[in-house]
Amino acid sequence: MADQFRDHRPSGDVRDRRGFLAGFLALACGGLATLAPLAAGLWAFLDPLRRKRGAASFLPVTELSAVPADGVPRQFAVIAERVDAWTGFAAEPIGAVYLRREKGSDTVEALSATCPHAGCFVEIEPTGRCFRCPCHSSEFTLDGGIVAPSPSPRPMDALECRVAKNGEIEVQWQKFRAGVAGKVVQ
């Protein structure tokens, strides 16, 4: 009769195995449930690092009629859409160029407005005879050459430019590393 009231619970050995199996399955399911969001987060984090920089593109800057044929450079903003990691910015200034053309010519020359020494924006001297960097007093001729003595390691960076059929001036926009003797694209 005592056997009738005997406890029918499994022995300790079976309980330990069931507990281990339940814990293992819970851990495996939790790991699998966590794996998908973790992989997606890692993918999103590394996405900007995987993107390759495209070749420099020609961006419209201004109309040919806006650049007087007097040989004096004029500054124009370079406006484009840009993407900074995951954030897109529509039509904002990404830099500036100096455009100039000689008398009677439709050929336009473009110089980056960024000083090759430290990356500051160069300005035309008030007399109009040369460019001057306000940061470290680098001076450049109106065609971009260095005026000695100068801390700049190279002349101003010339950019390729063309006049489209509709009369719009397009510049192949590139940024170059400052402080080095050669033109190294960033």
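Can you give the charge dipole size of the stretch 79-186 about its Cα centre, rounded to the nearest 20 debye, using +1 on the beta carbon of Lys and Arg and -1 on the beta carbon of Asp and Glu?
220
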Next item on the list: Restrict the search to the stretch 85-184; then list the GluC sites (Glu not before Pro) that DSSP places in a loop and that have at most 14 other Cβ atoms within 10 Å of their Cβ.
Entry: Glu102, Glu160
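Exposed loop sites here are chymotrypsin sites (Phe, Trp or Tyr not before Pro) in DSSP loop states with at most 11 other C-beta atoms within 10 Å. What is the longest stretch of the chain lacking them? Mind showing how you got there, number by number?
Working: sites that count: Phe5, Trp86.
Looking at the chain, 87-186 is the longest stretch - no exposed chymotrypsin sites (Phe, Trp or Tyr not before Pro) with at most 11 other Cβ atoms within 10 Å.
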Check: How long is the gain from Ala158 to Ser65 if the chain were fully straight, where each residue apart is worth 0.36 nm and the alpha carbon distance is subtracted?
Finding: 31.4 nm
Check: Using Cα pairs under 8 angstrom and six or more residues apart, how large is the relative contact order of the stretch 58-172, in percent?
Finding: 26
Check: For the chain: lysine pairs with Cα atoms under 23 Å, gap of 8 or more or different chains, count?
Finding: 4
Next item on the list: Exposed loop trypsin sites (Lys or Arg not before Pro) only (DSSP loop, at most 16 other Cβ atoms within 10 Å): please give the longest stretch of the chain free of them, not including the sites.
Entry: 54-102
Check: Given that just one value was derived from the coordinates, which of [x] 0.98; [y] 1.52; [z] 1.05 is Rg/Rh (Cα atoms, Kirkwood Rh)?
Finding: [y]
Margin query: Once you place label points 7 Å from the Cα toward the Cβ at Phe89 and Ala36, how far apart are they in nm?
Written below: 3.7
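Report the extension gain between Arg17 and Phe121 in nm, rounded to one decimal, defined as 0.36 nm multiplied by the number of residues separating them, less their alpha carbon distance.
Numbers: separation 104, 0.36 × 104 = 37.44 nm, distance 7.30 nm.
Contour length minus the Cα-Cα distance gives 30.1 nm.
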Note to self: As I understand it, the value is the acute angle between the Cα axis of helix 12-50 and the longest principal axis of the Cα atoms of the chain; what does it come to in degrees, rounded to 10?
What the structure shows: 10
Item checked: Value of [θ]222 nm, deg cm²/dmol, for the chain, DSSP H segments ≥ 4, -39500 (n - 2.57) each, nearest 500 -> -7500 deg cm²/dmol
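Read-outs: derived from the displayed coordinates by stated rules, not from any lab. Source: prediction; values computed, not measured. All Cβ positions, glycine included, derive from the backbone under ideal geometry; neighbour counts span all protein chains shown.
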